[in-house]
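A short write-up of the structure that comes next.
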Amino acid sequence: MPFTPVLAVNPIEQFNQKLKDDFTAKTGVKGTGDLPYDLLQALNAKLLPDLQYALLLAKATGNNITAQCYQAWIDVITTQQTAVQTGTPPTDIPIPDPHVITDFERAVELRNMIQPDSKFMTACSPVANLIKQDVLSFMGKVVGGGAGLLTMIPGL
């Protein structure tokens, strides 16, 4: 009887594949095993439809402050999604292993995105400033005492 070798299953590879499969099942985003990237992709998958809907509302009501921010955020997500695709229909290019330089590039892109002169920051800074002003105004009313708070309650 000839000897037939049994291929050993690497338990670490098996565990990693289970993690990827579980991540894909729970998020709908194909897990790559690169946790920061996978989490960002899952977040983007959930945020993109919400941002697109909010953009439509903002445009319909003429809210140019938030519309510009939503559009910039949508542009960031779609650029990240399409930058690593090829062919027709588009398919994702698999992430290389190892991906040290890719991880570095992702960090640089994030750093560039939050620079004061980036398209994202120039589009979203007015929204952040608007929120900050509202918070500061509310805090001023709280610090100013009850009279300031009473003006916020209709009918009093």
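Can you tell me which residue in the range 6-29 is nearest to Pro94 (Cα to Cα), limited to those that are of a type in the set (A, V, I, L, M, F, W, C) and surrounded by 12 or more Cβ atoms within 10 Å (Cβ to Cβ)? Among those residues, the one meeting the criterion is Val29. Each residue in the range 58-83 was checked for being of a type outside the set (Ser, Thr, Tyr) and surrounded by fewer than 13 Cβ atoms within 10 Å (Cβ to Cβ), and 4 of them qualify.
Only residues that are assigned to a loop (DSSP other than H, G, I, E, B) and under 30 Å from Val127 (Cβ atoms) were counted across the range 71-110, and they come to 2. Can you tell me which residue in the range 104-127 is nearest to Leu35 (Cα to Cα), limited to those that are open to solvent by less than 60 Å² (accessible area, probe 1.4 Å), among the aliphatic types (A, V, I, L, M) and in contact with a helix residue (DSSP H, G or I) (Cβ under 9 Å, 6 or more places away or on another chain)? The extreme case among them is Met113. Thr32 falls short on exactly one of the conditions (1) in a helix (DSSP H, G or I); (2) open to solvent by less than 60 Å² (accessible area, probe 1.4 Å); (3) touching a residue at least 12 places away in the same chain (Cβ under 8 Å); (4) out of contact with any Ser or Thr (no Cβ under 9 Å at 6 or more places or on another chain), and that condition is (1).
The values are calculated or read from the model by the stated rules, or taken from the named source; none is laboratory data. In this text, all values refer to a predicted model and were calculated from it rather than measured experimentally. Here the Cβ is made from the backbone with ideal geometry for all residues, glycine too, and neighbour counts use every protein chain on show. Note: areas computed on protein heavy atoms with side chains; ligands, DNA, RNA excluded. Shrake-Rupley method; radii C 1.70, N 1.55, O 1.52, S 1.80 Å.
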